[in-house]
1. By the scheme Lys and Arg +1, Asp and Glu -1, what is the net charge of all other residues having a beta-carbon under 9 Å from that of residue 18?
2. Please go through the residue pairs 47/73; 81/117; 35/136; 12/136; 35/81 and name each one whose alpha carbons sit more than 24 Å apart in this structure.
3. Under the 0.36 nm per residue contour assumption, what length would be gained going from the current alpha-carbon distance of residue 20 and residue 70 to full extension?
Amino acid sequence: MARILAIDYGMKRTGIAITDELQIIASGLTTVNTKDLLAFLKDYVAKERVELFVVGEPKQMDNTASESEILIKPFLDRLIKEFPEIPVKRVDERFTSKMAFQTMIDSGLKKNQRRNKALIDEISATLILQSYLNTK
């Protein structure tokens, strides 16, 4: 089997999570500068088999698209063009940043460690991926 890679797309930083090859466990991989995201994905896909991209879908409380969806659409177009053989699924990402922050508190990270926005993005990507795995 191949891995599933999740993306928590952001204006500045993008969190990335990945499954194991059996697609059982979601783990944070890294956070990359969004401007370097496609280059990172090309490099990663060249080294590891990826069968699916899971991309967070920001929504409002009334289930309509969030304002940040406007930024994600052009990225999705480039992603599909660059990797036509890898399908893309969208997963509702409401509350993932809050849940990531709470996860950091629950795991005992000190206050200055919880200010690490890159870590929040990586944990958010992991939560998005775990959400997908739970519904699979």
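1. Details: positive: 3; negative: 20, 48.
That works out to -1.
2. With Cα atoms farther than 24 Å apart: 47/73; 81/117; 35/136; 12/136.
3. 14.9 nm
Where a number appears in this text, it was derived from the coordinates with a stated rule and is not lab data. Nothing here was measured: the structure is a model prediction, and the numbers come from that model. Cβ atoms come from the backbone with ideal geometry, glycine included; neighbour counts cover every protein chain shown.
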